[in-house]
Structure formats: C-alpha cells, structure tokens
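Report on one structure; see the data block that follows.
Every number here is computed from the coordinates shown, using simple stated rules; none is lab data. This one's a predicted model, so the numbers in the text were calculated from it and none came from an experiment. Counting neighbours? That spans all protein chains shown, and the Cβs are built from the backbone with ideal geometry, glycine included.
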Amino acid sequence: MDYRKQIIKWFFDKSQKIYGIMLRKYIPWEIKKTELLTYPKDSFGKHLGIFLNNNNFELIPKGERHDAYHIITGYGTKVEDEIALQFLCFGNGKRSLYIFGPIILGSIILPEYFKYYYKSYRIGKNANIFHHYDYKKLLKISIEDFRQAIFSKAQIEIIKLQYK
C-alpha cells in the first residue's frame, strides 16, 4: 500500500475513539452479520451481511450506519473509496466534525483522486437525502427499492458497477 494511503489509514484507525465519542447518542443495533445473512435475498440487511462477511467485518456498535452507507452507495473499503464516501455524504448534507478529516486529508494527501471525490460529492448533492434514516428499521426492505428512493437511474447504474 502506498505510504500516503497508510497515513490516512492510520488516521482512520486512530480517529475511531473520537468517532465513538461522537456516536454516544446512538443505540447499538445488537445484530451480528450471521443474523443479517438470514434476511431475505434482496433485502438491504442481507446485502449488509454479505458486505460484512466479504470484508471479514462485524458491525461497529453505534457506527452501523457507516456500513449502511457502503451498501446504499456501492463504495468499497479502499482508502480512496472511504474518502469518496465521505465526499458523497458531505454532498448529501451530512455534517459532523468527523467528516472533515477524511475530506481534508484525502484532498491534500491523495490529490490524484480529486476527480473521483468531486464526482462523489456531486452524486451526493443530486441524491435525495439519505443520511438521516434509522437504518435498523430498513434492514428488511428491498435494496433496489431503497436505492431508487435515493438515487436517479443513472446514479444507480454507477452504483451497480462499483458494487460488483
């Protein structure tokens, strides 16, 4: 891995404590990926379980919505994808102290991805607002219906390409 990406990954790892403090108000879902994998085939929850399983992750208590954003948007877990996801969320109106770190560091340390970041910002800006949902209540809905409620058909095609 490029040393610049290692710097950002280190930042992500070290900032988890700060992120945890900022999430104090949230209640953990108390759902394991094994349970999500039992959900209906086309459900948002099943896709979340598959994502977690494929990446050897478990849901982060109180931080579950971050993984939900990955499923909705189709963004992966590479450093540049994590940064692009933050740009998309920022474009969608999400504001938090935590979101500015990846945006600022990503822009400065990995400027060669700025077109990707800007494209992600525009997708978020043009999408219906999605960062405010109670995702735990939406785990059994169709992932396709959920995406259609948020993104345009063209944006969904881009998401499907990223998701594969």
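A compact table of results
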read-out	value
Straight-distance crosslink candidates among lysines, where the alpha carbon sits under 23 Å from Lys125 and sequence neighbours closer than 8 are dropped	Lys78, Lys94, Lys115, Lys153, Lys160
Ellipsoid semi-axes in whole angstrom, largest first, where each is sqrt(5λ) of the Cα gyration tensor of the chain	24, 19, 15
About the Cα centre, charge dipole magnitude for the range 39-96 (Lys/Arg +1, Asp/Glu -1 at Cβ), debye	200
Electrostatic dipole magnitude of the chain [Cβ: Lys, Arg +1; Asp, Glu -1; Cα centre; debye, to 20]	280
Helix-derived mean residue ellipticity, 222 nm - over the chain, DSSP H n ≥ 4, -39500 (n - 2.57), to 500	-19000 deg cm²/dmol
Positive-end extreme of charge dipole, the range 19-119 - chosen from Phe51, Thr77, Gly106 (charges on Cβ)	Gly106
